[in-house]
Amino acid sequence: MAAAKIKKGDQVIVLSGKDKGKTGEVVKSMPKADKVVVSGVNIAVRHTKPSQGDPQGGLKRAEAPLHVSNVAHVTKDGKATRVRFEERDGKKVRVAVKTGDVI
């Protein structure tokens, strides 16, 4: 299993799909499925019938997972960057390719 380039809590930008260009924070990471859930992005709407647990029913909105290849890290100036791994001070760290900053 390769190390995760995108983790929970990272600021990312969506590269493709209906929400292209939107930015948000990774709420959940699913490394086995290669997917991430980003806050406020890829909202799925479910029509639910009223039930005992939810007597109101109606439209339920929730964030759906995106494939990790469709998101990229955001630099301080708001642009997308790739991530590489480097060893600094004897530790393996994630580094933004465009700026060289440690993530």
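The residues listed here are Asn70, Asn42; of these, the one that is in contact with a Leu (Cβ under 6 Å, 6 or more places away or on another chain), over 22 Å from Val102 (Cβ atoms) and open to solvent by less than 40 Å² (accessible area, probe 1.4 Å) is Asn42. Arg94 - would you say it is part of a strand (DSSP E or B), touching a residue at least 60 places away in the same chain (Cβ under 8 Å) and either farther than 14 Å from Gln11 by Cα or more than 14 Å from the chain's Cα centre (by Cα) (or both)? Yes; evaluated as a whole, the condition is true for this residue.
Considering only region 55-73, I want to know if a residue exists there that is on the phi < 0 side of the Ramachandran plot and without any contact (Cβ under 8 Å) to a residue 12 or more places away in the chain. Checked region 55-73: at least one residue is on the phi < 0 side of the Ramachandran plot and without any contact (Cβ under 8 Å) to a residue 12 or more places away in the chain. Restricting to region 1-34, name every residue that is small (Gly, Ala, Ser) and over 8 Å from the mean Cα position of the chain (by Cα). If the condition is that a residue be small (Gly, Ala, Ser) and over 8 Å from the mean Cα position of the chain (by Cα), then Ala2, Ala3, Ala4, Gly9, Ser16, Gly17, Gly21, Ala33 are the ones that fit.
The values are calculated or read from the model by the stated rules, or taken from the named source; none is laboratory data. None of the values given here were measured: they were computed from a predicted structure. Because the Cβ atoms are built from the backbone with ideal geometry, glycine has one as well, and the counts that use them run over all protein chains shown. The accessibility values were calculated without ligands, DNA or RNA, using every heavy atom of the protein model including side chains. Shrake-Rupley method; radii C 1.70, N 1.55, O 1.52, S 1.80 Å.
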